[in-house]
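Notes follow the structure.
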Amino acid sequence: MNFSITTKSPETLSNYVVVGMFESQKLTFAANTINKVSKGTLLQNLKSRKFSGTAGQTLELTNLPGTKAKTVLVIGLGSNKCKVEFIKAIENVFSKVREAGETAITLFIPELKASGVDRAWMTRQIASIGTSLSYRYEQRKTLLDGKSFSGAPAKVAVAIEGKSASSDKTHLAQGSAVGKGMNLAKDLGNLPANICTPRFLAEITTKLGKQNKFMVKCLSEADMKKLGMGSLLSVSQGSKEPAQLIHASYSGGKKKDAPIVLVGKGITFDTGGISIKASSGMDEMKYDMGGAASVIGTLSAISEMKLPINVVGLIAAAENMPSGTATRPGDVVTSMSGKTIEILNTDAEGRLVLCDALTYAEKLNPAAAIDIATLTGACVVSLGKVASGLFSNNDDLAEEISKAGMTSWDRVWRMPIWEDYTELLSSNFADLANIGGRAAGSITAACFLAQFATKYPWAHLDIAGTAWVSGKQKGSTGRPVPLLCEFLLNRI
Ligand code: BES
Ligand code: MN
Ligand code: ZN
């Protein structure tokens with residue numbers, strides 16, 4: 001999708017023009033201009049078609065007198081009080097445009113007064129939503145054989161009133177980069193596990209690093225063994241696919257700036273191991289690398305934006321399989337931190353790969369580390385598919401992430417990691433067990449991770465409910481790339 005800024009007046013444009021109306025029946029400035037030149041025909045049409053301005057409503061009008069526009073699309077902007085109305089409206093614009101097969105549109109930015117909504121935010125949202133909604137799974141061709149996406153790349157002009165500033169272009173580019181990062185994360189998630197293996201993730205990240213100028217180093221199982229990552233390696237030992245620890249560093253900031261470290265769970269397929277999962281819906285465990293995908297998507301977005309910040313992506317990639325060499329329930333392993341772990345359930349493998357990555361992160365002296373993981377089914381039970389679970393040992397960091405979630409509308413909800421929960425992880429045979437029982441499953445999982453993230457401000461995002469959708473629309477969502485990008489944009 002190709003984005004540009006225009007300051008032209010709506011009646012002078014000959015393409016597909018998008019303007020808005022609020023629930024109060026008030027027209028936006030651009031809609032009003034069209035109404036005037038059409039001598040009131042626009043409003044007459046809206047009235048006769050009972051267009052009320054509810055958020056997300058759309059009405060296509062053709063051949064309006066006084067305008068050159070081939071089509072005028074009027075969108076409902078709702079009450080003008082909350083930003084989700086704008087998001088809904090923009091989503092519907094792009095669905096409509098996709099349906100109509102339009103290749104060039106001009107979208108007039110409305111005068112919104114909702115809190116947290118300004119021109120910069122709207123511009124970014126338009127570009128990220130437009131890009132994200134143009135996603136087709138065929139894009140895997142880009143990854144697999146370098147062929148580009150065949151869908152028509154629509155030209156989208158964002159029209160603003162008055163003078164345009166250079167920052168408008170920047171915001172468009174930023175939104176577009178976020179959308180592309182989401183689409184990359186979707187592609188990686190949607191790829192089947194026989195293609196998207198730990199080594200595939202390593203190769204793709206290396207390739208992206210060359211294109212986008214970030215450094216990528218991949219640690220082999222032998223390297224990890226030397227570092228004492230007994231916990232991570234216990235997950236991959238039942239699989240023919242070797243584990244990979246992918247270390248990607250984007251250095252846009254000053255040399256001495258401490259990096260933000262993003263740690264992604266990259267289980268390319270989670271059978272559960274010897275504690276094998278039920279077969280129904282198991283295919284969806286190809287999405288168990290959604291955390292890793294979001295880290296790769298975010299790195300590619302921020303390197304495209306050239307953010308002046310240092311970010312390290314660490315991806316703990318492995319496949320969790322049952323076999324004659326797989327870890328047994330009851331096995332005790334020693335993690336890189338020196339802590340021993342009794343593996344009571346081999347299906348609680350995410351925390352086993354992440355804990356060693358979190359210890360590895362210590363030597364990077366992070367300003368903050370955030371891990372992103374499709375960690376627990378329990379998180380889906382508590383928060384559903386709306387919010388990702390947020391857990392943190394640092395209130396400021398948690399607040400910062402929550403706010404970034406609200407702004408990007410890629411929302412999170414914080415849950416506690418109190419000592420009382422950590423106690424549930426006690427083991428008779430090791431420093432801690434890898435499960436805490438049925439109660440508070442997403443919290444005990446986070447408490448497990450917290451034991452390994454003691455040296456820096458840390459947050460954990462449980463994206464088990466938000467990384468993909470099931471059913472007829474099955475597919476990756478690209479979340480939480482918007483949240484992570486917003487968080488990093490706010491750090492510069
Ligand atoms: N990858 C799963 C979590 C998951 C399950 C995400 C379903 C999305 C949908 C994770 O590795 C897992 O299996 N967790 C177990 C933990 C349990 C054994 C303590 C779970 O949630 O059942
Ligand atoms: Mn599992
Ligand atoms: Zn898993």
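The values are calculated or read from the model by the stated rules, or taken from the named source; none is laboratory data. Only a predicted model underlies this, so the values are computations on that prediction, with no experimental measurement involved. In this analysis, Cβ positions are derived from the backbone assuming ideal geometry, glycine residues included, and neighbour counts consider all displayed protein chains.
Just one of Asp420, Asp396 is closer than 30 Å to Asp331 by Cα and of a type outside the set (S, T, N, Q); which is it?
None of the other options fit; the residue is Asp420.
Select from region 437-453 the residues that are over 10 Å from Ala378 (Cβ atoms) and more than 23 Å from the chain's Cα centre (by Cα) and write down the one among them that is surrounded by the fewest Cβ atoms within 10 Å (Cβ to Cβ).
Ranking the qualifying residues of region 437-453, first place goes to Gly437.
Tell me which residues, restricted to region 454-464, are in contact with a helix residue (DSSP H, G or I) (Cβ under 8 Å, 6 or more places away or on another chain) and surrounded by fewer than 24 Cβ atoms within 10 Å (Cβ to Cβ).
Answer for region 454-464, where residues must be in contact with a helix residue (DSSP H, G or I) (Cβ under 8 Å, 6 or more places away or on another chain) and surrounded by fewer than 24 Cβ atoms within 10 Å (Cβ to Cβ): Lys455, Tyr456, Pro457.
Within region 367-382, track down each residue that is surrounded by fewer than 24 Cβ atoms within 10 Å (Cβ to Cβ) and either on the phi > 0 side of the Ramachandran plot or away from ligand 1 (no atom under 12 Å from the Cβ) (or both).
Matches in region 367-382: Ala367, Ala368.
Does region 296-309 include one or more residues that are within 12 Å of ligand 3 (Cβ to nearest atom) and either within 15 Å of Ala467 (Cβ to Cβ) or of a type outside the set (D, E, K, R) (or both)?
Among the residues of region 296-309, not one is within 12 Å of ligand 3 (Cβ to nearest atom) and either within 15 Å of Ala467 (Cβ to Cβ) or of a type outside the set (D, E, K, R) (or both), which makes the answer no.
Quick check on this structure: which one of Pro192, Pro153 is at pLDDT 95 or above and either out of contact with any Lys or Arg (no Cβ under 6 Å at 6 or more places or on another chain) or in the same structural domain as Ala467 (by TED's automatic domain parsing) (or both)?
Pro192
Looking at region 265-292, I want the residues that are part of a loop (DSSP other than H, G, I, E, B) and have a partner that is acidic (Asp, Glu) with Cβ atoms under 6 Å, at least 6 apart or on another chain. Which pairs are those?
If the second residue must be acidic (Asp, Glu), the pairs left are Gly272/Asp347; Ser275/Asp347.
Could you list, in sequence order, all residues of region 220-239 that are touching a Ser or Thr at 6+ places or on another chain (Cβ under 8 Å) and within 14 Å of Thr325 (Cα to Cα)?
Answer for region 220-239, where residues must be touching a Ser or Thr at 6+ places or on another chain (Cβ under 8 Å) and within 14 Å of Thr325 (Cα to Cα): Ser234, Val235, Gln237, Gly238, Ser239.
Would you mention how many residues in region 29-62 are small (Gly, Ala, Ser), over 22 Å from Glu91 (Cα atoms) and not in a loop (DSSP other than H, G, I, E, B)?
Result for region 29-62: 1.
What is the one condition in (1) surrounded by 18 or more Cβ atoms within 10 Å (Cβ to Cβ); (2) free of Cβ contacts under 8 Å to residues at least 12 places away in the same chain that Asn63 does not satisfy?
Unmet for Asn63, out of (1) surrounded by 18 or more Cβ atoms within 10 Å (Cβ to Cβ); (2) free of Cβ contacts under 8 Å to residues at least 12 places away in the same chain: (1).
Looking at Asp283, Asp270, which one is among the acidic types (Asp, Glu) and more than 13 Å from ligand 2 (Cβ to nearest atom)?
Testing whether each residue is among the acidic types (Asp, Glu) and more than 13 Å from ligand 2 (Cβ to nearest atom) leaves just Asp283.
Being away from ligand 2 (no atom under 16 Å from the Cβ), surrounded by fewer than 23 Cβ atoms within 10 Å (Cβ to Cβ) and free of Cβ contacts under 8 Å to residues at least 24 places away in the same chain: is that true of Lys363 here?
When the stated conditions are applied, Lys363 passes them.
Is there any pair with a first residue in region 470-492 that is within 20 Å of Lys385 (Cα to Cα) and a second that is in a loop (DSSP other than H, G, I, E, B) and of a type in the set (Gly, Ala, Ser) whose Cβ atoms are under 7 Å apart and which are 6 or more apart or on different chains, and what are they?
Close Cβ pairs (under 7 Å, with a partner that is in a loop (DSSP other than H, G, I, E, B) and of a type in the set (Gly, Ala, Ser)) amount to Ser476/Ala467; Thr477/Ala467; Arg479/Ala467.
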